[in-house]
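The values are calculated or read from the model by the stated rules, or taken from the named source; none is laboratory data. Being a predicted model, the structure only gives us computed values, none of them experimental. No Cβ is skipped: glycine too gets one built from the backbone with ideal geometry, and neighbour counts run over all protein chains shown.
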Amino acid sequence: MSGTILMTDAPVDNHGKGRSFSPTDLVATALGSCMGTIMGIVAERHGINLTGMTISVEKEMTKSQPRRIETLKVDIQVPHAVSAENQKKMELAAATCPVHHSLHPDVRIVTKFVWGHAND
């Protein structure tokens with residue numbers, strides 16, 4: 001354990017003040033950071049340059065009860081060219097991260113990769 005203190009708050013639409021991350025925000029963050037971490041490990045192993053990669057995750061909650069995460073939309077952008085073969089390796093790495101495998105199958109995970117066009 002890191003000993004770091006992390007404050008959370010429920011969103012305003014769910015009896016909170018929205019002053020900090022909600023627990024479901026942290027789930028979305030965990031997914032994005034886990035995907036990026038596993039991609040980084042595989043990239044290092046294969047000499048793939050992911051410098052400047054960004055990952056954003058948009059969380060959508062259900063409109064009906066029970067309240068839960070319905071969809072996590074993950075946008076992964078790499079600002080330079082990566083060969084088609086290495087793109088496949090990175091996409092597989094992202095999909096096999098432990099958080100991805102830990103989420104309930106009812107949570108839709110939609111992942112979009114945007115690969116740059118500069119020379120590698």
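Residues in the stretch 54-73: is at least one in contact (Cβ under 8 Å) with a residue 60 or more places away in the chain, outside any strand (DSSP E or B) and not aliphatic (A, V, I, L, M)?
The answer is no, given that none of the residues of the stretch 54-73 is in contact (Cβ under 8 Å) with a residue 60 or more places away in the chain, outside any strand (DSSP E or B) and not aliphatic (A, V, I, L, M).
Of (1) over 30 Å from Ile5 (Cβ atoms); (2) in contact with a helix residue (DSSP H, G or I) (Cβ under 6 Å, 6 or more places away or on another chain); (3) of a type in the set (Val, Ile, Thr), Thr96 satisfies all except one. Which?
(2)
Looking at Thr4, Thr51, which is the one that is without any contact (Cβ under 8 Å) to a residue 24 or more places away in the chain, part of a loop (DSSP other than H, G, I, E, B) and either of a type in the set (Val, Ile, Thr) or surrounded by 16 or more Cβ atoms within 10 Å (Cβ to Cβ) (or both)?
Result: Thr4 is the single residue among Thr4, Thr51 that is without any contact (Cβ under 8 Å) to a residue 24 or more places away in the chain, part of a loop (DSSP other than H, G, I, E, B) and either of a type in the set (Val, Ile, Thr) or surrounded by 16 or more Cβ atoms within 10 Å (Cβ to Cβ) (or both).
Of everything in the stretch 7-25, what is of a type outside the set (Ser, Thr, Tyr), modelled with pLDDT of 90 or more and surrounded by 13 or more Cβ atoms within 10 Å (Cβ to Cβ)? Give them in sequence order.
Asp9, Phe21, Asp25
Criterion first (touching a Phe, Trp or Tyr at 6+ places or on another chain (Cβ under 8 Å) and either surrounded by fewer than 16 Cβ atoms within 10 Å (Cβ to Cβ) or not in a strand (DSSP E or B) (or both)) does Glu91 satisfy it?
yes
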